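**Q** Have a look at this one before I ask anything.
The values are calculated or read from the model by the stated rules, or taken from the named source; none is laboratory data. Keep in mind that what you see is a predicted model, and the values were worked out from it rather than measured. Glycine gets a Cβ as well: all are built from the backbone with ideal geometry, and neighbour counts include every protein chain shown. Just so you know, the surface numbers come from the protein's heavy atoms only, side chains and all, with ligands and any DNA or RNA stripped out. Shrake-Rupley method; radii C 1.70, N 1.55, O 1.52, S 1.80 Å.
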Amino acid sequence: PFTYGPWLFCHNGTIEGFDRLRASFERETLPELQATRRGDTDSEQLFLWLLSNAAREGFQLSNDDQSASGDRPDVAGMYAVVRESLRRLLGWCAAIDVVAPTGLNLFLSDGRMLIAVRHSRTLWWKHDATEQSARGAVVIASEPTDADAGNENATESSAPWRELPDPSILTIEASGCSTVRPF
């Protein structure tokens, strides 16, 4: 995973044609974010580019900004940033005639919201409630990890795994509210 301030990012996939798209990513990534880049993976560049797009839409990227503002996370706004950014990326891929699918399973979180994307890979999720908290926990994995996979009659303590449609975006709020949204 990659981090910047409170933001955490994971990417499972490959941006096909990334070498030919690198200049577009770098041109559209804010200089202060591009300067933090430590490697040369498509994943790290994708993260910094997504954060740049979020900053342009008014999202705060540092811990100080969030704690000072005390504002409620804008899950719908971040969903829109991620969806439109990834649609743009897929347009870039089409423009350079990328034949292979671009794998874009990813997670982006600032600790108050989580955005999970499924595109050209498998992604499963379940929402487990506990006796200690009605909010429970959301578990996300490339494949189900227990015997209840696909079991619609799983017990309350072990919710059934659900496969995210391909493509789609799962948003999760700190309250535990989860919504599957279109890509």
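**Q** How many Å² of accessible area per residue for segment 1-111, probe 1.4 Å?
**A** Computed with neighbouring chains in place, this is 49 Å² per residue.
**Q** Taking amide hydrogens as modeled 1.01 Å from N in the peptide plane, which residues meet the under 5 Å criterion relative to residue 136, leaving out close sequence neighbours?
**A** Correct list: 130.
**Q** Could you work out what % of the accessible surface of the chain is carbon and sulfur, using a 1.4 angstrom probe and leaving DNA, RNA and ligands out of the count?
**A** Its accessible area is 49 percent carbon and sulfur atoms.
**Q** Under the rule of -39500 (n - 2.57) per DSSP H run of 4 or more residues, summed and divided by the residues of the chain, what mean residue ellipticity at 222 nm is obtained, to the nearest 500 deg cm²/dmol?
**A** That comes out to -9500 deg cm²/dmol.
**Q** When the Karplus curve 6.51 cos²θ - 1.76 cosθ + 1.60 is applied with θ = phi - 60°, which whole-Hz ³J(HN,Hα) does each residue of segment 103-119 get, with x for Gly and Pro?
**A** Once rounded to whole Hz, the list reads x, 10, 6, 8, 10, 9, 8, 10, x, 10, 8, 9, 10, 10, 10, 10, 8.
**Q** What is the set of long-range amide H partners of residue 168 at a cut-off below 5 Å, with H atoms built 1.01 Å from backbone N?
**A** Excluding prolines and chain starts, which carry no amide H, the hits are 118.
**Q** Which order do the peptides 77-85, 1-9, 175-183 come out in when sorted by mean C-beta neighbours inside 10 angstrom, highest first?
**A** Details: 77-85: 18.2, 1-9: 15.9, 175-183: 13.4.
The packing order, highest mean first, is 77-85, 1-9, 175-183.
**Q** To continue, here is another question. Quick one: Debye curve from the alpha-carbon atoms of the chain only, equal weights, vacuum; give me log10 I(q)/I(0) at q = 0.09, 0.10, 0.15, 0.20 Å⁻¹ to two decimals.
**A** At q = 0.09, 0.10, 0.15, 0.20 Å⁻¹ the computed log10 ratios are -0.34, -0.42, -0.91, -1.42.
**Q** Relative to the longest principal axis of the C-alpha atoms of the chain, give the angle of the C-alpha long axis of helix 42-56, reported between 0 and 90° and rounded to the nearest 10°.
**A** Result, in degrees: 90.
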